[in-house]
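Enquirer: Take a look at the following structure, please.
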């Protein structure tokens, strides 16, 4: 097994590892081992055959190695501890295999102890900055060690210089911590929706010997809290292999690449069974992928093609099908491909799989997280713990409610002359859409501890779907465009919303009142995922009559407008608009 060089910085309390053949050490950013010390570059390690050799750089007058003053280069032999004091830096060097290395995780250099060999006495504990005040009262051969470092010690006379440097440099070091990426910034897992900080993220092991995770089972790679990194800053697993994937500390599910560097926006899509959520979501992603580059010059891309594969497969099927059967998207089931088993609050539960896409604006990356929930997740009386799929509503940046007019008695009455087969389907159940909104409100208020007198300020879009079937009821005047000359037009959205609200209020007023009881920021939209009525066809396998898209006739209408409006609210500078 390859040997690695490990450096533990006693001032920074951090461990770094490198298996390269040439490595430098110093305070400068370009060093393999960047540690706290005076010199920007203090020396280098060269690996050859079974040993390493340390070379102090020319401007270094000397250094202490295991208490001996040195000027020349020195051999670093395998499986031995080397304690360096160099240019007011204090670090431990160890070279060997992972199976024999010391347990650096037990080292706590913020707690120091002194040992007087002449009197066989121990003193302490001390903080590092206390040692310069203690040193004048003790002999020159007193040893200094810290908690966790067993059977090894520095000379106090050498550590005094390190302590004085650390004390003088404290304002600078504090400033560096302040301007570094926030380690306590709260992140939300898109799989289980729990919060954690970047420092709590787990790494996913790479070595094949580390197959098996206590929460995900025998077929998943082990998740672990990283202790060691290579020269590139990538964590190393217990077999010394670098790891580039990370996982949530709560559910152990894999997180998207560069998760800590993106601004996450969860957009929740809600609707009753057979409302057309899967078709809408599929058409939405296709439209956003085209619209953002064309209208705003911004790429909209897969954040993780593997995770997004089920939705991407639906897109391919819907937009490349030759027959209605090929284009047909089956109803979302809570045990299907669009769901996954997630460890949550001590149980394995079915949760909707997140579909994550990145939107780039200059140097910022925003991740858009979408879910295709089964309508049963929102049914009244469902056990919220056993079927927690609706819980993303309480953490959403925006909520989209897809209203199915073909399942509403008022719309059905007005559309009696329509030949759309959806108006004859057997899934029609009066009142269930208003019931779903009422259930959503109850769950939101319960999880957020929101009293009945208060409303959310989360943007909520009421999407009146399948508008190709009913848009003629609005009259001859078309709705205003949401985009004009590369600018999003929120004033047009507001005008359209007033018109659509009045329209739907006259037919189904309970939809408006229930929605506006949830949020103080509601807008109304018209959209169609398919662009024209679907057709009936006979399924070759079951022989049953199904309803699906007419092949080659999928032309989505206004499906992206609710998301543009929601993103404009949650991040006003993200999309160029007439209000910027």
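Enquirer: So which residues in region 469-496 are crowded, with 19+ Cβ neighbours inside 10 Å and under 26 Å from residue 409 (Cβ atoms), if there are any at all?
Expert: Answer for region 469-496, where residues must be crowded, with 19+ Cβ neighbours inside 10 Å and under 26 Å from residue 409 (Cβ atoms): 469, 470, 479, 496.
Enquirer: Name the residues in region 528-544 that are modelled with pLDDT of 80 or more and in a loop (DSSP other than H, G, I, E, B), would you?
Expert: 529, 530, 531, 532, 533, 534, 544
Enquirer: Sticking with this one: Name the single residue that is modelled with the lowest pLDDT among those in region 52-66 being closer than 19 Å to residue 161 by Cα and surrounded by fewer than 15 Cβ atoms within 10 Å (Cβ to Cβ).
Expert: Ranking the candidates gives 59 first.
Enquirer: A further question follows. Working only within region 300-330, note down all residues that are surrounded by 13 or more Cβ atoms within 10 Å (Cβ to Cβ) and over 26 Å from residue 273 (Cβ atoms).
Expert: Within region 300-330, 300, 301, 302, 303, 304 meet the criteria.
Enquirer: Pull up region 218-249, narrow it to residues that are in contact with a helix residue (DSSP H, G or I) (Cβ under 9 Å, 6 or more places away or on another chain) and in contact (Cβ under 8 Å) with a residue 60 or more places away in the chain, then point me to the one that is surrounded by the most Cβ atoms within 10 Å (Cβ to Cβ).
Expert: Here the answer is 228.
Enquirer: For residue 496, which of the numbered conditions (1) in a strand (DSSP E or B); (2) farther than 22 Å from residue 573 by Cα; (3) at pLDDT 95 or above fails to hold?
Expert: (1)
Enquirer: Out of the residues in region 333-342 meeting the condition of being touching a strand residue (DSSP E or B) at 6+ places or on another chain (Cβ under 8 Å) and surrounded by 14 or more Cβ atoms within 10 Å (Cβ to Cβ), tell me which one is modelled with the highest pLDDT.
Expert: 342
Enquirer: Take residue 490 and tell me if it is in contact (Cβ under 8 Å) with a residue 24 or more places away in the chain and touching a strand residue (DSSP E or B) at 6+ places or on another chain (Cβ under 7 Å).
Expert: So residue 490 fits the description; yes.
Enquirer: Failed condition for residue 34, given (1) exposed (fewer than 12 other Cβ atoms within 10 Å of the Cβ); (2) without any contact (Cβ under 8 Å) to a residue 24 or more places away in the chain, with all others met?
Expert: The one condition residue 34 does not meet is (1).
Enquirer: Quick one: in region 390-401, which of the residues that are within 20 Å of residue 432 (Cα to Cα) and buried (at least 23 other Cβ atoms within 10 Å of the Cβ) is modelled with the lowest pLDDT?
Expert: Result: 390.
Enquirer: So, one more: The conditions are (1) in contact with a helix residue (DSSP H, G or I) (Cβ under 8 Å, 6 or more places away or on another chain); (2) surrounded by fewer than 16 Cβ atoms within 10 Å (Cβ to Cβ); (3) at pLDDT 85 or above, and residue 360 fails exactly one of them. Which is it?
Expert: With (1) in contact with a helix residue (DSSP H, G or I) (Cβ under 8 Å, 6 or more places away or on another chain); (2) surrounded by fewer than 16 Cβ atoms within 10 Å (Cβ to Cβ); (3) at pLDDT 85 or above applied to residue 360, the lone miss is (1).
Enquirer: Based on this model, can you work out whether residue 49 counts as in the same structural domain as residue 147 (by TED's automatic domain parsing), modelled with pLDDT under 85 and at positive phi?
Expert: yes
Enquirer: Could you check, for region 59-77, whether at least one of its residues is within 18 Å of residue 17 (Cβ to Cβ), without any contact (Cβ under 8 Å) to a residue 40 or more places away in the chain and more than 37 Å from the chain's Cα centre (by Cα)? Can you show your working first?
Expert: As a first pass, look at region 59-77 and keep what is within 18 Å of residue 17 (Cβ to Cβ): 76-77.
Among the residues that remain, those that are also without any contact (Cβ under 8 Å) to a residue 40 or more places away in the chain are: 77.
From what's left, more than 37 Å from the chain's Cα centre (by Cα): 77.
Scanning region 59-77, I find at least one residue that is within 18 Å of residue 17 (Cβ to Cβ), without any contact (Cβ under 8 Å) to a residue 40 or more places away in the chain and more than 37 Å from the chain's Cα centre (by Cα), so the answer is yes.
Enquirer: So residue 495 ticks every box in (1) free of Cβ contacts under 8 Å to residues at least 24 places away in the same chain; (2) closer than 20 Å to residue 567 by Cα; (3) touching a strand residue (DSSP E or B) at 6+ places or on another chain (Cβ under 8 Å) but one. Which box is left unticked?
Expert: Only one criterion is unmet by residue 495, namely (3).
Enquirer: What's the number of the condition residue 215 fails, among (1) assigned to a loop (DSSP other than H, G, I, E, B); (2) in contact with a helix residue (DSSP H, G or I) (Cβ under 6 Å, 6 or more places away or on another chain)?
Expert: The number of the failed condition is (2).
The values are calculated or read from the model by the stated rules, or taken from the named source; none is laboratory data. Fair warning: this is a prediction, and the values are worked out from it, not measured in the lab. FYI the Cβ positions are ideal-geometry reconstructions off the backbone, even for glycines, and counts take in every protein chain you see.
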